[in-house]
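For reference, the structure is listed below as C-alpha cells.
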Amino acid sequence: MIAEVIIDSSVKTLNRIFDYEIPVDMEVKVGARVFVPFGNKKSLEEGIVVNIKENSEYKVKPIASLQKEQIAEEYINLAKWMASRYFCNIADCLRLMLPPGRTSKNISNRVKEKTVNFITLAKDVEETQQDIEAGKIKSEKQKNILEFIINNGNATVQDIELFTDASSSIVKTLIKNGYLETNNVQVERNPFLHKAVVKTVDLDLTDEQETAYNSIQNSGKYLLHGITGSGKTEIYLRLIGKMLKQNKTSIMLVPEISLTPQTVDRFISRFGEEQIAVLHSKLSIGERYDQWNKIKTGEAKIVIGARSAIFCPAQNLGLIIIDEEHDESYQSEMAPRYDAREVAEYLAENKNIPLVLGSATPDMNSFYKTQNGDYKLLSLTKRANNSSLPTVEIVDLRQELSSGNKSMISRKLKEEIEKNLERKKQTILYLNRRGFSTFVMCRDCGYTVKCKRCDITLTYHKYQHKLKCHYCGYEQNELTECPECKSKNIKYFGAGTQKLEDEIKAMFPDATTIRMDVDTVSKKNSHEQILNKFKDENIDILIGTQMVVKGHHFPNVTLVGVIAADGSLNIGDFRANEKTFQILTQVAGRAGREKDEGRVIIQTYNPDNYAIEFSKSQDYNLFYNTEIDIRKQLKYPPFCDIIVMDMSAKNIAELQAVAKKIHAYLKKRVIDEKFGLLLYSPVPSPIDKIKDRFRMRIIIKCKYDERIKNLLNDSLNEFYKMKTTTARVAVELNPNNML
C-alpha cells in the first residue's frame, strides 16, 4: 500500500503530495503523522498522510516511523479547502490542527503530559498493618509514613515530608524494603484552579429570547442580532445545555482574551468545570496541551476560546457559536490568513449542524447575508432585564478648544465623572491608543522619531521612559535632545492611555483608577485580575483600549466616556465608518446595564459624521441602510470582493522589480482572457516598511470565483519561478486590515 504524504514545510515548492510505501508491519491511516526520508537529507522529515492508495507510478521509499498524534480525516479535508481558499500550503493549515506544543521540529522540546510520582503501598493494607503490629518495623518515622499512606491511599514525597516530618531518605528505605512503591500518574494542568464560582441555574427567557432560541434548529446558519444587554449569552447557554443532553460538543468562540474569563465564569457556574475546556494564548503551553487532550478524549463537551479553537479535535460536534462575530480578530493576519467565521461555516455545512453568530453590531457582510437568505436573522430589540439603553451625548471638541479647554476631558465629561463619584458609581473611559504620547518631534527642525525597522513613529511610554514601536517591538530610551540639530526643544504630541490616566489622577486626586491595555496585561491572568479588581473593589474609573469595549457586564457602571471618537475614522479603510459605529455602540453598551440609568459622552471633532450620529441613537438598521447604499455605489464588499497582493522585500529595487513583473503578468492575462475585474497598479503600502522589509501591494476588485482563484494561483507560481533573494508575496481576500 502507498501513503500520499504532505511534508511539514512552508516552502511553496513542497506544497504537493509525495508517495511513500507503507511497511507491512505498520498500521497507517489517513491523518497519521509520520517520519519519512526525503531527498538526500540524512535526517528524517515530518509529514502527514492525506490519502492511501494501492500503487504508485514512482519508485518509492518506505515510511520510517509513526508519531503518536494523528489528525482526524475530516480535518485533512478542511486543510485542503483552507489551502485553496487562503493561498497557502496545506502543511501550514494542518499545523493549526495539531496539539499545542507538538509542532516543534525538535522532539525533545515538545510539550509532554505532566506526570507526578505518587507513593503507594506495595503490599495490601492488612499485611502492612500486621508487620507494624508484629514489630517488624521499628522506626517511628517509618510507621508514621506507612500509617499516613494507609489513611490517604497515596501521596507525593513532598506531602509525606510536610505531614509526617520524615525525610525522603526514609521513604526510599521503605521502597527498598518492599513496603512502598512509586507510580507515575498523569495530572491535568488546570487553568481553572484559581476560580471560585457560584452555581447558577437557567434564567427565565424573555419572549424575544424564547422566540430566538426556538428558531435555532439542528442545522442552518443564524445571525443573532441583539442590542447590548439583550441576553444573547443566556441563549448560548441554553443551546449548549441542549447539546449536552444529546452528548454533543459545542464550540464557543470569543474575540478577546479579556472576554474569556467572564465567559468561562458564566459557563462554569452553569455547567461545572469538568466538561469545559478553554483555549487561548494566555494559558501556558502545558495548560493548552492538557485542555486539547481533554477535548480529544471527549471529556470536555464545551470548548471556549479565541479563533484558533475552531480547529480543536471536538468529538461529536453539535454546535458552533461565534460571539461578537463582527470583531476583526477572527481573521488571522499571519499565514495561513484564515477567517474563523468562514472555517466555522465550512464545518457547520459539512457536519450539518447549526452555526450561530451573535453581535449587537453585526459585520456588514453578515447582515447582508440575512437579506439574501444565506443566514436566518434573529432579533433581540430589548434588554433582558428591562433596563433602558443609555442616553448618549456628543461633545464637539472644536468648541472645547475655542473656549480654551485643551484638556483631554471635556467640561461635560468632567461634570458627569464628578456626579458619578458623588453617587459611588463606576466610570469607563475609552481611548484606543496606548502609551503616553503618540509621536515625538523636534520643534526647531521638525525631526520626528521613527522606528529604525518600520516606517512608523515611535510612541512614548512614560512609565518605562521608553519610545516603542507598536509594530515590531523596537524600543529606545526617551530623547532629551534632537539627533539632527541637537536642540533641546523636544515636544511630545498626541495622547494615549498613560497620559489619560495621569490627567484623570490630577483632575480627580481622590478617585481610584485602573488601566487596561496591552502594557498592563502582559502577565498570565492579568486580564482577569484587572477586571475582577475593578468589579470587586468598586474602583471608580477604568481606563482602557478596545479590551474594555466588548461583552463585559459591570452592574455598577453608569457612565462611559469616549475620549476621541475620530481615531477609527482616519484609518484609511473603506470600513472606517463601520468600525467607528461598532466601537461606539459597543462601548456605550457597557453603561446602565442594571437598574440605574446609563450615560455616554462621546467626544469628537466630527460630530456630523453619520457613523457618530447614528451611534447616538444606537440604531444599527439606520446605519446599515446608509452604509450599504454607499458601498453599492462605490463597489465595495459585499457587492464585490477586494483582493490584496501584499509584496515585501529587504531591498526596495528587488521589491519594485517583483511588483512590476507580477502586475505585467496579471495585466496580460486579464486583457487576453477578458477577465471582468479592476486591476490597480502596484503602489507602496500605507505603512511601507515594517521589520526592515519594504512593502508594496496590488489591489484587485472583482467577484471572486474559480477563474479568479486560478489566476491568482498562477500569478503566485510565476513569482516562485523568479530568482529573488528576500521577496515574499501573500494574497488576501477581503482583508480586515487594509494597512
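Listed cross-link partners Lys42/Lys661; Lys282/Lys721; Lys425/Lys579 are compared with a 32 Å cut-off, the Cα-Cα value being larger for Lys42/Lys661; Lys282/Lys721. For the chain, list log₁₀ I(q)/I(0) at each q in 0.05, 0.06, 0.08, 0.11 Å⁻¹, using the Debye formula over Cα point scatterers of equal strength and ignoring solvent, two decimals each. Taking Cα atoms of the chain as identical point scatterers yields -0.32, -0.46, -0.80, -1.36.
Look at the dipole of the chain built from charges on Cβ: of Asn625, Cys93, Asn183, the Cα furthest out on the positive end belongs to Cys93.
For the stretch 201-211, the Karplus equation 6.51 cos²θ - 1.76 cosθ + 1.60, evaluated at θ = phi - 60°, returns couplings of 10, 4, 8, 5, 7, 6, 4, 5, 4, 4, 5 Hz by residue, with Gly and Pro reported as x. Taken about its Cα centre, the stretch 270-395 carries a charge dipole of roughly 340 debye when the Cβ of each Lys and Arg holds +1 and the Cβ of each Asp and Glu holds -1. Once you reduce the stretch 576-604 and the stretch 362-430 to the center of their Cα atoms, the two points are 2 Å from each other.
Along the stretch 32-41 the Karplus relation, 6.51 cos²θ - 1.76 cosθ + 1.60 evaluated at θ = phi - 60°, assigns HN-Hα couplings of 5, 8, 10, 9, 9, x, 9, x, 9, 5 Hz to successive residues, with x for each Gly and Pro.
Computed from label points 7 Å out along Cα-Cβ, the spacing between Lys419 and Ser281 is 4.0 nm.
By the beta carbon rule, with partners counted only under 4.7 Å, the chain holds these lone Cys residues: Cys88, Cys93, Cys312, Cys472, Cys640, Cys702.
In the stretch 313-422, what trypsin sites (Lys or Arg not before Pro) fall in a loop by DSSP, with at most 16 other Cβ atoms inside 10 Å? Walk me through the intermediate numbers first.
On the way: sites: Arg337, Arg341, Lys351, Lys369, Lys376, Lys382, Arg383, Arg398, Lys406, Arg411, Lys412, Lys414, Lys419; in loops: Arg337, Lys382, Arg383, Lys406.
The qualifying sites are Lys406.
Full extension of the chain between Glu537 and Asn154 gives 133.8 nm of extra length, using 0.36 nm per residue less the Cα-Cα distance.
Candidate cross-link partners of Lys199 among the lysines, defined by an alpha-carbon separation under 20 Å and a same-chain spacing of 8 or more, comprise Lys232, Lys242, Lys245, Lys301, Lys535. Each peptide in 203-210, 387-394 was scored by the mean count of other Cβ atoms within 10 Å over its residues; highest first, the order is 387-394, 203-210. For the stretch 689-736 versus the stretch 485-543, the spacing of their alpha-carbon centroids is 40 Å. In sequence order, the stretch 472-489 has phi-based couplings of 10, x, 4, 9, 8, 5, 5, 8, 10, 8, 6, x, 8, 10, 6, 6, 8, 7 Hz under the Karplus curve 6.51 cos²θ - 1.76 cosθ + 1.60, θ = phi - 60°, and Gly or Pro positions carry x.
What FRET efficiency do you get for Ser402 and Lys505 if R0 is 35 Å and r is their Cβ-Cβ distance, rounded to the nearest 0.05?
Working: r = 27 Å, r/R0 = 0.77.
It comes out at approximately 0.85.
If R0 is taken as 56 Å, the Cβ-Cβ distance between Asp608 and Met722 corresponds to a FRET efficiency of 0.70. Only one residue of Ser284, Gln315, Leu237 has its Cα farthest out toward the positive end of the dipole of the stretch 207-380, where Lys and Arg carry +1 and Asp and Glu -1 on Cβ, and that residue is Gln315. Each 10 Å bin from zero up to the one holding the largest Cα-Cα distance in the stretch 115-186 carries the following percent of pairs: 21, 61, 17, 1. For the pair Lys491 and Ser215, label points projected 7 Å from Cα toward Cβ lie 5.5 nm apart. Close amide H contacts of Ile543 (hydrogens built in the peptide plane, cut-off under 5 Å, sequence separation of 5 or more or a different chain): Leu429, Ile514, Arg515, Met516.
Beta bridges per DSSP, both residues in the stretch 241-400: antiparallel share near 5 percent. With Cα atoms defining each centre, the stretch 651-680 and the stretch 1-74 are spaced 37 Å apart in the structure. Computed over the stretch 296-350, the Cα gyration tensor eigenvalues convert (square root of 5λ each) into semi-axes of 20, 12, 11 Å, ordered from largest to smallest.
If you put +1 on each Lys and Arg Cβ and -1 on each Asp and Glu Cβ, how big is the dipole of the chain around its Cα centre, in Debye rounded to 20? Walk me through the intermediate numbers first.
Working: 107 positive and 98 negative charges, 456 e Å.
Using Cβ point charges on Lys, Arg, Asp and Glu, the chain gives about 2180 debye.
Each reported figure results from applying straightforward, stated rules to the coordinates on display, with no laboratory input. No experiment lies behind these values; they were computed from the predicted model shown. Counting neighbours? That spans all protein chains shown, and the Cβs are built from the backbone with ideal geometry, glycine included.
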